[in-house]
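Scroll down for the structure; my scribbles are underneath it.
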Amino acid sequence: MRFLIAFDKFKDSLEAEQACSIAASAILKLNPEAEIIIKPLADGGEGFCSILTKATDGTLISEEIYGPQGELQKAQWGIVGVEKIPLAARKVMSLKESGKVAVIEMAQASGLESIVASKRDPWIASTFGTGQLIEKAAKVPVDAILLGLGGSATNDIGLGALAALGLKFLDETGTEVSDVSPRNWGKVNSISGEILDTLPPIYIACDVSNPLLGEKGATRVYGVQKGLLEADVGKLEVSVEQLSGLLCDYFQEPMSSREIAGCGAAGGIGFGLKIATGAHFVPGFHLVKEWLNLEEEVEKADFIITGEGSFDSSSLYGKGPYSVVEMAVANHKPVSVFAGRVTPEAVSALAKQNSTAIACQISPKGLSLLDCLAGASNFLEQKVLETFKKKLHL
């Protein structure tokens, strides 16, 4: 009996790999002879680097970089041989048949979860550390860089990263502004310098389609969850418009570039990298699906287990677990979704898909969020045991 276990992360509680391991242990308690295939999921955010690098026998490298608020911290990036990447994933990135790819995760270098909630503030957060990882990869050298977006603490349109890659931002006297986080944008009068000349093609894994500006843009949609005060949203939006215009002028790109889908992801770093380096957007989960050979594993499985922290209406738009459900349904395979929280909208969506697709909320009713997060490991194990005792008629 073959089980495919493919969890995304349980935010603030379990990493994708942890959730997979817990479910696998529970299944083996019920059926020690079961064949378990583990495929942790990521769409560009937390876990992206580790999951993709390990899946293709790559090497993880630890670096000391500057975090989102200027603090020194450790971050990992991966090197993967192109020949180890499945052909379908290579095609997504238009890779040649050989060479090396760097896998970088923005959440490690400039992530929101590295900052306690009370100190989150996009006015002082920078993507400089992400730029440092890109620079280190380029100097190895590698033939391409895959950057996963998601979980960022920043709203600096990638200016910090571009500073790490060689651009200089000058005040009206021609003096360099060393910290180009948004709090200092009022000092920036011009741009000089060039991007690192050894930089290979950059591919940005992202499933967010927001433009940079406007009601659906980076600041208005995501700013508050990164610590921006409601009263400051308009002020920061104006600053983003001014600095993004300066960047477009410097690289002689049209102002309409700010409307490209994905430029509003992760505080606009995709916009900055696209304008300055010609970076390409690729669909995050589609790439991960091909990289992990998920469809093939779904076809071979007898039972499929997936899930994430909250299985809700947002899960229905291209996120990993629901995509696994769709693949399972298409292949007429039973699939179970385990999540800390399951909403009626998500249950309704499963009902429309197939009666063999079920969703199980692991958190007991009446518990506080903090208690649910703290007990997630036990709750997940118990719910998997309970569900599969019935399914396997034990």
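The values are calculated or read from the model by the stated rules, or taken from the named source; none is laboratory data. In this text, all values refer to a predicted model and were calculated from it rather than measured experimentally. Please note: Cβ atoms are built from the backbone with ideal geometry, for glycine as well, and neighbour counts cover all protein chains shown. The accessibility values were calculated without ligands, DNA or RNA, using every heavy atom of the protein model including side chains. Shrake-Rupley method; radii C 1.70, N 1.55, O 1.52, S 1.80 Å.
Annotation: amide H of Lys100 within the under-5 Å range of Val82, Asp143, Ala144, sequence separation 5 or more or interchain, hydrogens built in the peptide plane.
Comparing Ile304, Pro283, Ala261 along the charge dipole axis of segment 158-304, the residue lying farthest to the positive side is Ala261, per the Cβ-charge model. When only the Cβ of Lys, Arg, Asp and Glu is charged (+1, +1, -1, -1), the dipole of segment 11-102 relative to its Cα centre reaches about 340 debye. Contact order for segment 18-107, expressed relative to its length and based on alpha carbon pairs under 8 Å spaced 6+ residues apart, stands at 25 percent. Each Cα pair under 8 Å and six or more residues apart adds its sequence gap; the mean of these over the residue count of segment 274-394 is a relative contact order of 20 percent.
Accessible area of Glu105 (1.4 Å probe, protein heavy atoms only, ligands and nucleic acids ignored): about 10 Å².
What part of the accessible area of segment 1-83, given as a whole %, is carbon or sulfur when the probe is 1.4 angstrom? Percent of accessible area from carbon and sulfur atoms in segment 1-83: 46. Note on Val329: accessible area approximately 20 square angstrom, rounded to 10, probe 1.4 Å, nucleic acids and ligands left out. Magnitude of the charge dipole for segment 245-306, about its Cα centre and with charges confined to Cβ atoms of Lys, Arg (+1) and Asp, Glu (-1), is about 340 debye.
Of the GluC sites (Glu not before Pro) in segment 18-49, the ones in a loop by DSSP (not H, G, I, E or B) with at most 16 other beta carbons within 10 Å are Glu33. Taking amide H as placed 1.01 Å from N in the peptide plane, Asp207 has its amide H under 5 Å from the amide H of Gly284, each at least 5 places away in sequence or on another chain.
Solvent-accessible surface of the chain, taken per residue with a 1.4 Å probe and all protein chains present: 43 Å².
The 3J(HN,Hα) values that the Karplus relation (6.51, -1.76, 1.60; θ = phi - 60°) gives for segment 299-313 are, in residue order, 4, 8, 7, 8, 10, 10, 10, 9, x, 6, x, 10, 9, 9, 4 Hz. Gly and Pro appear as x. Normalised by the number of residues in the chain, the mean separation of alpha-carbon contacts (under 8 Å, six or more apart) gives a relative contact order of 18 percent. Karplus-derived 3J(HN,Hα) values for segment 158-171, using 6.51 cos²θ - 1.76 cosθ + 1.60 with θ = phi - 60°, are x, 5, x, 4, 5, 5, 5, 9, x, 6, 10, 10, 10, 8 Hz; glycine and proline are entered as x. Per-residue Karplus couplings for segment 148-156, computed as 6.51 cos²θ - 1.76 cosθ + 1.60 with θ equal to phi - 60°, are listed in order as x, 9, x, x, 7, 9, 10, 8, 9 Hz, Gly and Pro entered as x. Protection proxy ranking of 162-168, 130-136, 86-92, by the mean of other Cβ atoms within 10 Å over each peptide's residues and highest first, is 130-136, 162-168, 86-92. Near the amide H of Lys168, within less than 5 Å, lie the amide hydrogens of Ser192, Gly193, all on another chain or at least 5 residues away, with H placed in the peptide plane. Helix 16-30 and the longest principal axis of the C-alpha atoms of the chain enclose an angle of approximately 10°.
Each Lys and Arg adds +1 at its Cβ and each Asp and Glu adds -1 at its Cβ; summed about the Cα centre, the chain shows a dipole of about 920 debye. To the nearest ten degrees, helix 233-250 and the longest principal axis of the Cα atoms of the chain are 60 degrees apart. In the set (1) 19.5; (2) 22.4; (3) 24.9, the label that goes with mean projected area of the Cα convex hull in nm² computed for this structure is (1). Taken as Cα centroids, segment 121-180 and segment 185-200 sit 10 Å apart, rounded to the nearest whole angstrom.
Only protein atoms count toward the accessible area here, which uses a 1.4 Å probe; on segment 87-168, the carbon and sulfur part of that area reaches 50 percent.
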